[in-house]
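The values are calculated or read from the model by the stated rules, or taken from the named source; none is laboratory data. It should be emphasised that the depicted structure is a prediction, and the values quoted were computed from it without experimental measurement. Cβ placement follows ideal geometry from the backbone for every residue including glycine, while neighbour counts extend to all protein chains displayed. Surface areas here come from the heavy atoms of the whole protein model, side chains and all, with no ligands, DNA or RNA. Shrake-Rupley method; radii C 1.70, N 1.55, O 1.52, S 1.80 Å.
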Amino acid sequence: MPVVHIVTVVPISVTVGANRIVPAVAIPHPLGNPKMSQEEEKLMRREMVVKSLETLTTDISEQTVF
Amino acid sequence: MRILHYINQFFGQKGGEEAANHPIELVEGPVGPGGALNAALAGKAEISHTIICGDSYFNENEEVAVMGIKEIIDQVKPDLIVAGPAFNAGRYGVACGRVGKLAAELGLPCITGMYPENPGYDLYKQTAYMVETKNSAADMRKAIPNMAKLIASFIEKDGKLGMPAEEGYMPRNLRINMFAEKRGAARAVDMLIAKLGGEEFTTEYPMPVFDRVAPFKALASLKDAKIALVTSGGVVPKGNPDHIESSSAQKYGEYSIEGIDDLTEASHETAHGGYDPVKCNENSDVVLPVDVLRDLEKEGVIGSLHNMFYTTVGNGTSVSNSKKFGAEIAQKLLDAGVSAAILTST
């Protein structure tokens, strides 16, 4: 079962051994941004989730930060 | 001092794998590696009896074997139990470790030896003193003197052994209070100076070793995939019904999102005590993106969103607890036919 890790502090994710890593926005709101309007924020979140889903259909041979 | 020595069928000269079901046998005096150990300890201690037990017998009948060995201990009344060395023989190492745990339960010390990657070390390191050996019996000529040295030190110091490195046993992952000559800040600066100078130094707090997993093969398509959400960001139903700890979490939660299209201030919040919770408490989708995954589900981009999500608090939570949570969650996802998971961390 492939897993994608959405995480702000990417070096921690690399250290603990996640294989598919998608960098996130900030520690308290990895998939949000309080500076955006709700609509903009949801659109950004959707883009991040779509990108994360695409990593799940991408074959990799080693730890990869997308 | 009287020693009871535990060895397996091979070192007890009963045979190899074909004798691995050899039941517990009690012999007077030393056998096999016990001979050299006994000689090395001459004048300090003596192996009065030896237990020989097949590795398969012990591991397949653990409860019975432990009961039998307990009876022997009650009868022989040793002052110290020595087991192995087991090198990298997994069943033998687990048996030696279990004998050490039994000894501890009976208030007796146990000294054994094995390779650090032997599962017996990880399972039982807290209840026996374990000398590090290499991974095969070719190391016997070094392992025996090392074990004898530790036993001699144990006798000399009346059981009050010093730190692992100075005594020659592997760390037991126990914290013991001690007086240090220098305060922590001075010790840290000394270490830093040694490090900058390229000199050797010994950390007082070794970092955990993380294992590596080969990347899993990609999904062929998302259209029929069942995607699950997992988070270490502490998202929980409002009120944190299972009281997941805000730090050093002892448990994870498993919650239904059936019929939920959006996480709101009224429905969800975070239990996490290690980051500013304001944004997540207003809209937990910023940590656990249920809203957009429901949209993608409706649009047919993914097959479905799994109706349960899994959550814990990754705030000072131990690696061992995290591994346990991870393994259980992964098994539940597999049992539910989940194709892939999105894990979010704060």
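The residue of segment A:14-32 that is farthest from the other protein chains (Cβ to nearest Cβ), among those that are surrounded by 21 or more Cβ atoms within 10 Å (Cβ to Cβ) and free of Cβ contacts under 8 Å to residues at least 40 places away in the same chain, is A:ALA24. For segment B:215-240, filtered to residues that are without any contact (Cβ under 8 Å) to a residue 60 or more places away in the chain and open to solvent by less than 70 Å² (accessible area, probe 1.4 Å), the residue that is nearest to the chain's Cα centre (by Cα) is B:PRO215. B:PHE210 meets all of the listed conditions (1) assigned to a loop (DSSP other than H, G, I, E, B); (2) farther than 24 Å from B:ILE302 by Cβ; (3) more than 14 Å from chain A (Cβ to nearest Cβ) but one, namely (3). Going by the structure shown, is B:GLY100 open to solvent by less than 10 Å² (accessible area, probe 1.4 Å), of a type outside the set (Lys, Arg) and at negative phi? Considered against the rule, which asks whether it is open to solvent by less than 10 Å² (accessible area, probe 1.4 Å), of a type outside the set (Lys, Arg) and at negative phi, B:GLY100 comes out as yes.
The residue of segment A:39-53 that is farthest from B:ASP295 (Cα to Cα), among those that are open to solvent by 50 Å² or more (accessible area, probe 1.4 Å) and at the interface with another protein chain (Cβ under 8 Å from one of its Cβ atoms), is A:LYS42. Here B:ASP158 clears all of (1) open to solvent by 90 Å² or more (accessible area, probe 1.4 Å); (2) acidic (Asp, Glu); (3) outside the structural domain of B:ASN59 (by TED's automatic domain parsing) except the condition numbered (3).
Among the residues of segment B:309-342, the ones that are surrounded by 19 or more Cβ atoms within 10 Å (Cβ to Cβ) and more than 10 Å from chain A (Cβ to nearest Cβ) come to 9 in all. When restricted to residues that are under 26 Å from B:LEU123 (Cα atoms) and β-branched (Val, Ile, Thr), segment B:174-190 contains 1. Whether a residue is within 20 Å of B:GLU254 (Cβ to Cβ), away from chain A (no Cβ under 11 Å) and open to solvent by 10 Å² or more (accessible area, probe 1.4 Å) was assessed, and B:SER345 does not pass this test.
Specify which of the listed residues (B:GLU299, B:GLU282, B:GLU245, B:GLU265) is within 25 Å of A:VAL16 (Cα to Cα), open to solvent by 40 Å² or more (accessible area, probe 1.4 Å) and either within 14 Å of another protein chain (Cβ to nearest Cβ) or of a type in the set (D, E, K, R) (or both). If you could, list the steps in order and put the result at the bottom.
Numbers: B:GLU299 fails: within 25 Å of A:VAL16 (Cα to Cα); B:GLU282 fails: within 25 Å of A:VAL16 (Cα to Cα); B:GLU265 fails: within 25 Å of A:VAL16 (Cα to Cα).
From the options B:GLU299, B:GLU282, B:GLU245, B:GLU265, the qualifying one is B:GLU245.
Is there a residue in segment B:115-127 that is open to solvent by 60 Å² or more (accessible area, probe 1.4 Å) and in contact with a Lys or Arg (Cβ under 7 Å, 6 or more places away or on another chain)? Within segment B:115-127 (the criterion being open to solvent by 60 Å² or more (accessible area, probe 1.4 Å) and in contact with a Lys or Arg (Cβ under 7 Å, 6 or more places away or on another chain)), the answer is yes, since at least one residue qualifies. Which of (1) under 21 Å from B:GLY68 (Cβ atoms); (2) surrounded by 22 or more Cβ atoms within 10 Å (Cβ to Cβ) does B:PRO109 not meet, given it meets every other one? Among (1) under 21 Å from B:GLY68 (Cβ atoms); (2) surrounded by 22 or more Cβ atoms within 10 Å (Cβ to Cβ), B:PRO109 violates only (2). Residues that are away from chain A (no Cβ under 14 Å) and assigned to a loop (DSSP other than H, G, I, E, B): does segment B:186-194 have at least one? Taking every residue of segment B:186-194 in turn, none turns out to be away from chain A (no Cβ under 14 Å) and assigned to a loop (DSSP other than H, G, I, E, B). Within segment A:1-44, the set of residues being within 23 Å of B:ILE227 (Cα to Cα) and among the hydroxyl-bearing types (Ser, Thr, Tyr) comprises A:THR8, A:SER13.
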